[in-house]
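Here is the structure we will look at.
Coordinate-derived values only; no laboratory data. Given the structure is predicted, the values throughout are model-derived calculations rather than measurements. Please note: Cβ atoms are built from the backbone with ideal geometry, for glycine as well, and neighbour counts cover all protein chains shown.
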């Protein structure tokens with residue numbers, strides 16, 4: 001477990017330097033290039049001209065429709081979102097150079113883009129846009145067959161390895177590997193069982209491996225899971241809810257249900273999963289107004305917002321805050337922040353971040369965030385996370401926080417204090433120096449036992465706080481200051497590299513829950 005945690009967080013640290021949307025787009029673009037190269041050798045269905053023409057039409061329509069809709073609704077233009085939709089449709093639809101087929105491509109692309117704004121709930125789309133476009137085209141093909149339909153030609157052995165490698169990069173970055181793994185298990189198992197049942201009914205002997213390998217390498221399951229099911233905006237916030245959605249989509253994708261002349265196949269199975277996800281948590285863009293900003297330390301700023309829409313969260317969860325700005329860099333216009341306030345403090349909501357005054361150059365997001373003034377309106381695109389303390393109040397807890405990673409723990413400690421909970425908590429708090437210990441008063445008020453790791457000795461430490469006296473925080477150092485770690489549930493929030501370094505010690509705890517971040 002410790003080794004896996006270390007490896008996972010080192011990979012996450014590298015991938016986290018790029019926004020999720022940029023990474024997904026680049027992965028899909030790379031897959032399109034691979035498919036184009038394979039098409040010259042006849043290893044995929046479409047030929048090179050069909051691929052190039054179809055992608056050009058998809059990109060033009062998706063970008064044009066999105067740009068028009070966003071201008072009409074006064075929304076920020078998201079070019080990467082348009083290109084992602086276009087590239088997904090490239091692999092789902094049947095590429096063509098026939099005029100009737102290209103008309104179908106135009107319809108699917110336009111419907112997919114429009115669905116983001118029409119099939120939406122308070123600013124958040126309910127369904128995967130590409131799945132909506134493909135479904136509408138498939139239904140139209142019942143009346144006008146020349147328009148074409150979804151074909152999922154991406155499900156071919158020649159593309160299996162590229163889909164797996166590029167999909168893994170996306171799933172590690174979005175932290176949806178377990179969710180998609182559950183989907184694949186159910187989809188493959190149900191598909192194999194269905195095929196075996198059909199063979200048995202026909203009185204034909206069957207070797208299960210003869211069915212398993214084609215299902216794995218010649219089905220669209222890998223692509224569907226990695227690039228469509230994993231979309232955070234159409235998944236519910238809690239992991240158990242996400243796993244439930246993955247199971248539903250896996251079963252429906254593995255055993256298509258006939259509906260008239262079509263079957264409830266891949267994209268329609270995903271749409272059903274989107275509805276289940278929506279039922280779990282009615283997702284909505286939450287409007288905020290900045291009330292104030294304050295300096296918690298020389299390098300940490302706290303933003304206090306007033307929430308104008310319904311919002312519910314659990315202590316330890318995080319939100320995604322959008323700050324629209326011109327010419328965003330590779331990490332885009334959205335960032336994830338752990339919530340620093342307790343649910344009891346709503347409608348006020350607090351987040352904190354490193355202001356980057358000593359970091360050059362600043363990301364475009366931080367520059368834009370620095371210009372937001374009290375009274376300005378922003379929006380949360382969602383709340384997610386399972387960085388939650390055990391429900392059993394008597395469970396001993398170890399919290400390890402590095403710098404700004406203390407914010408989810410502040411929310412949890414504030415909540416425990418507001419709820420009158422008496423929990424056995426040890427907080428190991430790491431900062432570059434004593435001046436960077438944020439939220440001292442709030443943590444002290446909670447009564448938690450705190451072990452401070454700083455280069456200099458902090459002055460006037462609150463009760464229950466001790467300085468580690470120069471002990472180096474690595475796996476051995478953590479075991480020295482927390483000798484009873486084996487009896488505690490460990491939670492660590494901080495840079496992925498630190499989590500990787502402490503993994504050998506954390507694996508001795510009763511459980512490990514991590515909350516890695518990669519900066520802004």
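Numbers at a glance
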read-out: Prolate/oblate/rounded call for region 62-184, Cα gyration tensor, a/c under 1.5 rounded; value: oblate
read-out: Approximate spin-label separation residue 212-residue 178, in nm, with each point projected 7 Å along Cα-to-Cβ; value: 2.5
read-out: Ranked list, fewest to most other Cβ atoms within 10 Å of each Cβ, for 336, 231, 295; value: 295, 336, 231
read-out: Average Cα contact separation per residue, region 2-280, under 8 Å, 6 or more apart, as relative contact order %; value: 18
read-out: Helix 407-419 axis, angle to the chain major axis (alpha carbon atoms, nearest 10°); value: 70
read-out: Nearest 10 degrees, 0 to 90: helix 239-254 Cα axis against the chain principal axis; value: 10
read-out: For region 272-329 and region 150-224, distance of Cα centres in Å; value: 36
read-out: Label-point separation in nm, residue 41 to residue 139, each point 7 Å along Cα→Cβ; value: 4.1
read-out: Nearest-0.05 FRET efficiency for residue 185 and residue 205, computed from C-beta distance (R0 35 Å); value: 0.85
read-out: Cα shape, region 2-280, gyration tensor, a/c 1.5 rule; value: rounded
read-out: Residue exposure sequence - 132, 204 - by fewest surrounding Cβ within 10 Å; value: 204, 132
read-out: Isotropically averaged projected area of region 165-312, using the convex hull of Cα atoms (one quarter of hull area), nm²; value: 12.8
read-out: Sequence ranges 344-355, 52-63, ranked by mean other-Cβ count within 10 angstrom, highest first; value: 52-63, 344-355
read-out: Length-normalised contact order of the chain in % [C-alpha pairs under 8 Å, at least 6 apart]; value: 14
read-out: Packing-based ranking, highest mean first, of 405-415, 479-489, 157-167, 90-100 given that Cβ atoms within 10 Å are counted; value: 405-415, 90-100, 157-167, 479-489
read-out: Helix 20-39 vs. the chain, principal-axis angle (Cα, 0 to 90°, nearest 10); value: 30
read-out: Residue order, fewest to most beta carbons within 10 Å, for 514, 304; value: 304, 514
read-out: Added length on full extension, which subtracts the Cα-Cα distance from 0.36 nm per residue, residue 168 to residue 197; value: 7.2 nm
read-out: Prolate/oblate/rounded call for region 397-517, Cα gyration tensor, a/c under 1.5 rounded; value: rounded
read-out: Approximate spin-label separation residue 71-residue 371, in nm, with each point projected 7 Å along Cα-to-Cβ; value: 2.1
read-out: Added length on full extension, which subtracts the Cα-Cα distance from 0.36 nm per residue, residue 393 to residue 344; value: 15.8 nm
read-out: Average silhouette area of region 457-520, convex hull of alpha-carbon atoms, in square nanometres; value: 5.4
read-out: Average Cα contact separation per residue, region 211-334, under 8 Å, 6 or more apart, as relative contact order %; value: 16
read-out: R0 of 51 Å, Cβ-Cβ distance residue 263-residue 308: FRET efficiency to nearest 0.05; value: 0.70
read-out: Packing-based order for 444-450, 142-148, using average beta carbon neighbours within 10 Å, highest first; value: 444-450, 142-148
read-out: Isotropically averaged projected area of the chain, using the convex hull of Cα atoms (one quarter of hull area), nm²; value: 26.3
